[in-house]
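Worksheet for the structure shown next.
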There are 2 protein chains.
Amino acid sequence: MSTPSAQTSLRQSPAPEHARKRLVDAALDLFGRYSFDGVSTRTLARQARVNLAAIQYYFGSKEGLYLAVARHIDQRIGSQVRPVLAEVETALAARNPSRDVCFAMMCRLLEVMIGTTLGSIDSKKWVGIFMREQMEPSAAFDILFEGVMRPMHRCMCRLAGRILDVDPEAAETKIRVYAIMGQLVMFHISRAAVTRTLGWQGFQSEEVASIRAVLLQNMRALLGMEDARST
Amino acid sequence: MSTPSAQTSLRQSPAPEHARKRLVDAALDLFGRYSFDGVSTRTLARQARVNLAAIQYYFGSKEGLYLAVARHIDQRIGSQVRPVLAEVETALAARNPSRDVCFAMMCRLLEVMIGTTLGSIDSKKWVGIFMREQMEPSAAFDILFEGVMRPMHRCMCRLAGRILDVDPEAAETKIRVYAIMGQLVMFHISRAAVTRTLGWQGFQSEEVASIRAVLLQNMRALLGMEDARST
DNA sequence: GTCTATAGTCGGATAGAC
DNA sequence: GTCTATCCGACTATAGAC
């Protein structure tokens, strides 16, 4: 839309030459909702409003398109997450942050995770792909795991290590951090169950706020930070 | 095997007339690993060592087989879970159990969940179906949700309500219980990530014990039961 | 770069013999 | 109840015009 590539008047194709981008967008949506096997190349091409042959032309195969989507997710989410992680790592390396500061950073990471997932409108698309890769890893798993999940987990382990005064590399620490992350993951995985149980229509800002409040409260409890808490 | 239906000698088919059961077993395994769309009827028939037409004959369609699998899971898991839930409900209704007793029952429910999932050998099969239905509900979701998940969640909410002295029907209580459940769900969903991070080969009894220990510890923290805890 | 047409394969389902 | 053979639609991928 920003590049006026065609001087001719209106064509049939709404966005000239951006077939590649439109394919990735459509694939992100459709793969996220219905899984790789659940979407046909015809459906992808139709939703992207490109020709069927464009998938082979740009990505070599349906699987190539899927991997392009994984890289897209990694870039999109990574660009939001990695700066924050770098900040925390710097703080951990340079200074010797106090327990309270580490806890604050831990909460910040949780906020980032909530913000990029539950809080984001288009999160439902990539979260579906992300979760499915967790359950049934393909070549895309490495991209997503190494790019986003492992750095986040490692960073949280270091913070938890300082807060709890335990070895961040210990198996128990890693498990505890996974358990913490699991609380958030639950609301993605079991979205249908949660909304049905609570009579929600979906995850609007109010519902997300309720979840965030519980998760922050739980973070405090799980890291032994509760000094004078009311329940 | 128990019904000697054929008086003839050994046939090609290893189990006479139990085509139906073998199809459900194969479908449980294959659907659990590869999802509904990821498995063809030919693959199903081959693994079940039945004829291709048997799927239509016994279940009407591939989808019919899938629903039969969902009912099978509901029966199989329900038979283990529902008696415990009934026990807890009875205890809650009849007596007025103390906080400690409620906490013990809460831990018991967690143990049941771990035992039927992480602790069970063939759990990986049905857990995959269960989780996929959570993400992408189909007609099978109602069977699994109403049969197993909702009763479990409701029961845990009642216990949590007494332990925390809050309304078991309150949205916050429901969310807190979902968060608790999420800790366990995480280790199913992110099995690949967890094993890779921890250098595990899978979830053997030792690994499950590590997870159980953390989850029980967290349960204590999340329900405010920590009187004199070290960490 | 974009399109049509089609190759070649595999999918779920069915008919009808036994 | 079980099997073979087959229909027919849908699939991914490709060839080649423009």
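The values are calculated or read from the model by the stated rules, or taken from the named source; none is laboratory data. In this text, all values refer to a predicted model and were calculated from it rather than measured experimentally. Cβ sites come from the backbone with ideal geometry, for glycine too, and all protein chains shown count toward neighbours.
Odds and ends about this structure:
- Per the listing B:Met149, B:Met219, B:Met156, the residue uniquely out of contact with any Cys (no Cβ under 8 Å at 6 or more places or on another chain), more than 7 Å from every other protein chain (Cβ to nearest Cβ), at pLDDT 95 or above and assigned to a helix (DSSP H, G or I) is B:Met156.
- Single residue of region B:168-179 satisfying the filter (facing another protein chain (nearest Cβ under 7 Å) and either of a type in the set (A, V, I, L, M, F, W, C) or outside any helix (DSSP H, G or I) (or both)) that is farthest from A:Ile189 (Cα to Cα): B:Ala171
- Being within 21 Å of A:Leu223 (Cα to Cα) and touching a Pro at 6+ places or on another chain (Cβ under 6 Å) is a condition met by at least one residue of region A:158-171.
- Among the residues of this structure, A:Val39 counts as one that is closer than 28 Å to A:Met186 by Cβ, within 14 Å of chain B (Cβ to nearest Cβ) and within 16 Å of DNA strand D (Cβ to nearest atom).
- Count of region B:49-98 residues which are within 16 Å of DNA strand D (Cβ to nearest atom) and within 14 Å of chain A (Cβ to nearest Cβ): 2
- A single entry from B:Leu44, B:Leu52, B:Leu65, B:Leu30 fulfils the requirement of being touching a Phe, Trp or Tyr at 6+ places or on another chain (Cβ under 6 Å) and more than 15 Å from B:Met131 (Cβ to Cβ): B:Leu65.
- Residues of region A:180-213 classified as free of Cβ contacts under 8 Å to residues at least 12 places away in the same chain, hydrophobic (A, V, I, L, M, F, W, C) and more than 7 Å from every other protein chain (Cβ to nearest Cβ), total: 3
- Any hit, region B:51-64, residues being surrounded by fewer than 16 Cβ atoms within 10 Å (Cβ to Cβ), more than 16 Å from DNA strand C (Cβ to nearest atom) and modelled with pLDDT of 95 or more: no
- Just one of the listed residues (A:Val127, A:Val101) is away from every other protein chain (no Cβ under 14 Å), of a type in the set (Val, Ile, Thr) and away from DNA strand D (no atom under 12 Å from the Cβ), and it is A:Val101.
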